[in-house]
Amino acid sequence: MMGKIKEHAELSWFIVMMILVAVFVAWNIRGIISGSSTSYRYGLPLLSGMPKDAQTAVKYFDSHPPVNSSCEVINGILVVNMTVTQPDGFHPDVIKAKPNEPIVIILNSPQVITGFFLRLPDGVVNVNAVPGYVSYVYFVAPSSPGNYTWREPEYACYNYSYWTGTLEVS
């Protein structure tokens with residue numbers, strides 16, 4: 001009798017765990033498809049996690065790149081095309097934004113695995129860039145004016161600790 005109860009308890013526990021696994025997998029798939037996932041993505045849908053107007057601005061920027069600059073305001077969103085090269089670091093290394101302005105950074109790193117780390121009053125912006133892939137990051141500029149420094153978070157190459165830039169909010 002005790003053996004049958006133990007066997008049913010194990011089977012019930014297994015079924016409960018499988019249901020929990022299915023719920024968490026479905027939850028993750030829904031987050032990835034809807035773009036609300038917070039993971040730093042490789043190989044998942046581009047532009048996921050951005051509002052629709054930011055996605056539209058990036059697509060417009062990609063099809064109509066500015067002639068003499070790597071920054072352009074499109075539909076109220078500052079779109080920055082940033083390249084990280086060795087040994088020069090970030091280009092552009094200064095971004096000028098208005099308080100509470102939405103910003104999208106298109107990060108390209110043709111040579112080394114690199115990243116973008118920016119600490120803001122509301123939290124941290126951190127994205128990785130892998131050679132051959134374009135990475136996107138969306139955030140809103142702080143409401144308080146000031147200078148905010150970003151840096152290279154990866155051990156990329158010689159002098160990588162000097163790869164910095166400034167977000168000037170004024």
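Work out how far the C-alpha atoms of the chain reach from end to end along every principal axis, then list the three figures in whole Å, largest first.
If we take the Cα atoms of the chain, the spans are 80, 39, 33 Å.
May I ask you to rank Met50, Met82, Met17 by accessible area, largest first, using a 1.4 Å probe over the protein chains only?
Listed by decreasing accessible area, they come as Met17, Met50, Met82.
Given the chain, what percent of its DSSP beta bridges are antiparallel, to the nearest 5?
Given both bridge residues lie in the chain, the antiparallel proportion sits at roughly 75 percent.
Find the accessible area per residue for the chain; the probe is 1.4 Å, ligands and nucleic acids are left out, and the unit is Å².
I get 62 Å² per residue for the chain.
Just to check I understand the Karplus step: with θ = phi - 60° and J = 6.51 cos²θ - 1.76 cosθ + 1.60, what whole-Hz values come out for segment 77-85, glycine and proline as x?
10, 7, 9, 10, 9, 10, 10, 10, 10
GNM, the chain, Cα, under 10 Å: largest mean-square fluctuation among Pro131, Pro92, Pro121?
Looking only at Pro131, Pro92, Pro121, the biggest GNM fluctuation is shown by Pro121.
What is the dipole size for the chain, taken about its Cα centre, with +1 at each Lys and Arg Cβ and -1 at each Asp and Glu Cβ, in debye to the nearest 20?
Charge dipole, the chain, about its Cα centre: 460 debye, nearest 20.
What's the angle, to the nearest 10 degrees (0 to 90), between helix 2-34's Cα axis and the longest principal axis of the chain?
It is inclined by approximately 20 degrees.
Where a Cα-Cα gap under 14 Å defines reach, which aspartates and glutamates qualify for Lys96, not counting those fewer than 8 residues away within the same chain?
Glu72, Glu168
Please determine, in degrees from 0 to 90 and to the nearest 10, the orientation of helix 52-63 with respect to the longest principal axis defined by the Cα atoms of the chain, where the helix direction is its Cα long axis.
Once rounded, one gets 50 degrees.
Find which of Ala54, Tyr148, Ser34 sits farthest along the positive direction of the dipole of the chain, computed with +1 on the beta-carbon of Lys and Arg, -1 on that of Asp and Glu, about the Cα centre.
Of the options given, the answer is Ser34.
Per the 1.4 Å probe, what fraction of the accessible area of the chain, in percent, lies on carbon and sulfur atoms?
Carbon plus sulfur share of accessible area: 60 percent.
How high is the relative contact order of segment 89-169, given as a whole-number percent (alpha carbon pairs under 8 Å, six or more residues apart)?
39 percent
The values are calculated or read from the model by the stated rules, or taken from the named source; none is laboratory data. None of the values given here were measured: they were computed from a predicted structure. Methodologically, a virtual Cβ is constructed for each residue, glycine included, from the backbone with ideal geometry; neighbour enumeration extends over all protein chains shown. When the accessible area is computed, the model is the full protein with side chains, heavy atoms only, and any ligands, DNA or RNA have been set aside. Shrake-Rupley method; radii C 1.70, N 1.55, O 1.52, S 1.80 Å.
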